[in-house]
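The values are calculated or read from the model by the stated rules, or taken from the named source; none is laboratory data. Worth saying up front: this structure is predicted, and the values here are computed from it rather than measured. Here the Cβ positions follow ideal geometry from the backbone for every residue, glycine too, while neighbour counts run over all protein chains shown. Side chains included, ligands, DNA and RNA excluded: accessible areas come from the protein's heavy atoms. Shrake-Rupley method; radii C 1.70, N 1.55, O 1.52, S 1.80 Å.
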Amino acid sequence: MNTFNNNRRNFIKNAGALALGSTLPFSLVELAFGESDQNFTFAYISDAHIQHIEGTRFVRNWDRGLIRAVAETNLLIPKPDFVIFGGDLAQLGSKAELDHGAEILSALQGKVHHVMGEHDYYLDLGEYWEKLFGPQYHSFDHKGVHFIILNSIKTYDDWTFKRWPTNEQRMLEMAGLDNPNGSPFMVGEEQRKWLKNDLDKVNKNTPIVVFSHSPLQKIYKGWNFWTEDADQVQALLKPFKTVSVIYGHVHQIQYNQIGNISFNSVMATAWPWPYPQSYAQAEQYLPKLTVPMNRADPFFDRDATGWQFINVANGRVDLNFTLYDNNNRVVRYNTKKKHPEDSAYQSEDARIPPQTHY
Ligand SMILES: [Fe+2]
Ligand SMILES: [Fe+2]
């Protein structure tokens, strides 16, 4: 029995009621409110980065990550009520990449809600993406929860409209993780206005779950683990009793609590990014309560990709991460401490340091 299967068995044992065929890079979200008819699950797949080479050729490894996640999502029991795709479906926003990604995702059973990623956006500013997937931001209600999808990866108009000679150049500049020519992400005034109106209609006791691509908190500007107007968005969410923000983009496990808002990231199906604090020159604000994933072998790009269950009890989210070839992780909302924490790695002795960069 190899490590992968041992990990899988441990996870299923720990996960309790949910039985799975195998481990794959998607997230399953279970919402539990005490009454069984209100409980439900949804799945979360993110950051596929489908990359066109030429003709009908695409980068196979990224294709496989997404294909695997879709296949396993369809095998889930119980069936998820819907699926969230968390953004960065494409690598450079081309029709070929979006079409190919959409074709892979079309095998999913049930409704899919899409979040815009910067790799989907900066070629044509989301025009083709909208044709395939619908509006760039919207909200919906499901079994007592108010869900909101935001496009958090917009930026300053000057950068978007005046800086670059071609749309292709603009896309390439934003596609680089640490490119100093990039620009900070933001939700922007128009969407914040819409969000305020949308939230005005919602009871303050209704659990709110927000999906964004970039974190709606400021973690590390150099890699755009950052949303410039995060504080203003948080202020709009502040009057609500229970708020969760779930985001992609960072390709790693992060979590945080700011006031009433719990933040949780999901993993990518394509590759993992290193943690900002492992990068010695970086000034970063990754919350101290995040326990880094163990990247035992930085040259093995599958060791920190995976999928996660998210249980929501009384409107709070708990994330159960299964990594392809690494230790499983549970990030659970601690009702006494009132923030999410990694349940297995809180003691210093139990922690595994992140990889070092040379
Ligand atoms: Fe990404
Ligand atoms: Fe991204």
Yes/no for Lys111 being open to solvent by 30 Å² or more (accessible area, probe 1.4 Å) and in contact with a strand residue (DSSP E or B) (Cβ under 8 Å, 6 or more places away or on another chain): yes
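So, Val233, is that one away from ligand 1 (no atom under 15 Å from the Cβ), modelled with pLDDT of 95 or more, out of contact with any Gly (no Cβ under 9 Å at 6 or more places or on another chain) and more than 17 Å from Gly117 (Cβ to Cβ) or not?
When the stated conditions are applied, Val233 passes them.
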Any residue in region 100-128 that's more than 14 Å from Ser46 (Cβ to Cβ) and within 16 Å of ligand 2 (Cβ to nearest atom): show its pairings with residues that are open to solvent by 20 Å² or more (accessible area, probe 1.4 Å) and assigned to a loop (DSSP other than H, G, I, E, B) at Cβ separation under 7 Å, as long as the two are six or more apart or on different chains. Leu123/Leu92; Leu123/Ser94; Gly126/Gln136
Just checking: which of the strands (runs of 3 or more DSSP E) contained wholly in region 206-269 hold 1 or more residues that are open to solvent by 10 Å² or more (accessible area, probe 1.4 Å) and on the phi < 0 side of the Ramachandran plot? 255-258
Is it the case that some residue within region 262-269 is modelled with pLDDT of 90 or more and of a type in the set (Val, Ile, Thr)? yes
Can you run down the residue pairs with Cβ atoms below 8 Å, 6 or more apart or on separate chains, where the first is in region 225-242 and more than 17 Å from Asn203 (Cα to Cα) and the partner is in a helix (DSSP H, G or I)? Phe225/Pro276; Thr227/Val233; Asp229/Arg192; Gln232/Arg192; Val233/Arg192; Val233/Leu195
Residue set Glu97, Glu103; condition open to solvent by less than 10 Å² (accessible area, probe 1.4 Å), farther than 22 Å from Pro184 by Cα and more than 17 Å from the chain's Cα centre (by Cα); output residue Glu97
Would you tally the residues in region 184-205 being farther than 25 Å from Leu125 by Cβ and crowded, with 17+ Cβ neighbours inside 10 Å? 1
If Trp164 satisfies every condition in (1) away from ligand 2 (no atom under 15 Å from the Cβ); (2) assigned to a loop (DSSP other than H, G, I, E, B); (3) closer than 19 Å to Trp194 by Cα but one, which is the exception? (3)
